[in-house]
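Following: one structure in structure tokens, then a few remarks.
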Amino acid sequence: MSWHGRGYRISTPTVARLLRASDYALRVNRKKLAGKQSPGRDEQFLYIAKLRAAFLKRQSPVISVDTKKRELVGRFRQAGRQWRRAPHEVLIYDFRSTAAGVAIPYGIYDVGRNHGYVVVGVSHDTAAFAVAAIRSWWVQTGRQAYLSATELLIEADCGGSNGNRCRAWKAGLQGFADEFAMTITVTHYPTGASKWNPVEHRCFNLISGNWAGQPLESYETILKHIRATKSASGFRCQARLDKRAYATGIKISPQEVANLCIEKHKVFSHWNYTIRPRLKP
């Protein structure tokens with residue numbers, strides 16, 4: 001290449017060396033900017049931390065929940081690298097028609113016990129699926145760990161199957177509260193703040209690292225990698241497959257909403273609420 005300004009000819013390696021000497025490097029985009037922040041964002045973080053501390057002090061369960069990225073099941077390219085003598089051979093195109101199915105991991109992270117529980121769905125990420133996953137965690141793990149618990153704190157994002165505006169989510173939690181005589185408090189992270197939800201950085205990132213570069217060829221492969229996920233801080237994870245089909249477009253009537261035993265908090269009532277069990281007739 002020519003340096004026309006001074007009449008010198010300079011090679012590409014020399015340019016690279018000069019750029020490195022000036023602290024330049026080949027860099028990728030970094031996801032760091034949160035964009036427009038929701039009003040009261042910082043105050044909500046403080047409120048979530050306050051509630052979490054109070055529940056943990058009472059030795060009541062605190063769980064962080066969310067749905068991980070949907071995965072195609074089959075010999076598809078998986079981001080990341082592995083130590084291998086030869087690379088995995090995978091399909092050139094990621095077509096849904098060539099997949100054995102879809103995997104929808106719904107994660108429940110037990111904050112007090114540093115323990116994960118992931119339910120892998122095969123149909124749709126709905127509110128019914130989310131509540132069923134939480135119920136499965138409680139039946140299989142939670143109530144054995146918290147024998148005398150009568151309350152539960154759930155930390156969730158603002159959108160998706162467990163969004164703060166989702167009527168089906170609240171109706172499903174009411175059914176959970178009624179079945180187990182459990183008072184459920186829900187706190188939602190503001191829009192654009194999902195990365196601060198503990199399940200993201202204490203559970204999902206470890207799972208992603210554990211199956212990095214590994215084609216998810218079957219549901220058993222997915223479950224195996226989730227169950228094998230560990231950390232030096234003592235994190236362990238359970239996993240199960242939910243083969244049920246969850247219908248989309250389920251509507252909750254105004255009458256059903258009116259029958260919910262829900263109490264909105266004075267602090268950011270659209271993000272924080274408590275659902276109490278209804279008295280049985």
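No lab work stands behind these numbers, since they all come straight from the coordinates. Computed from a prediction, not measured in an experiment: that's the story for all the values here. All Cβ positions, even for glycine, are placed from backbone atoms using ideal geometry, and neighbour counts span all protein chains on display.
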Residue check: is Ala132 hydrophobic (A, V, I, L, M, F, W, C), surrounded by fewer than 21 Cβ atoms within 10 Å (Cβ to Cβ), within 28 Å of Gly101 (Cα to Cα) and within 17 Å of the chain's Cα centre (by Cα)? yes
Taking segment 168-179 as the search range and keeping residues that are surrounded by 17 or more Cβ atoms within 10 Å (Cβ to Cβ) and in contact (Cβ under 8 Å) with a residue 60 or more places away in the chain, which one is nearest to Asn272 (Cα to Cα)? Lys170
Give me the pairs: first residue in segment 198-213 and over 12 Å from Cys237 (Cβ atoms), second residue of a type in the set (Ser, Thr, Tyr) and not in a helix (DSSP H, G or I), beta-carbon distance under 7 Å, and six or more apart or on different chains, which are they? Pro198/Ser64; Pro198/Tyr109
Restricting attention to segment 58-113, and to residues there that are hydroxyl-bearing (Ser, Thr, Tyr) and farther than 25 Å from Gly142 by Cα, which single residue is surrounded by the fewest Cβ atoms within 10 Å (Cβ to Cβ)? Ser97
How many residues of segment 219-278 are part of a strand (DSSP E or B) and charged (D, E, K, R)? The answer is 5
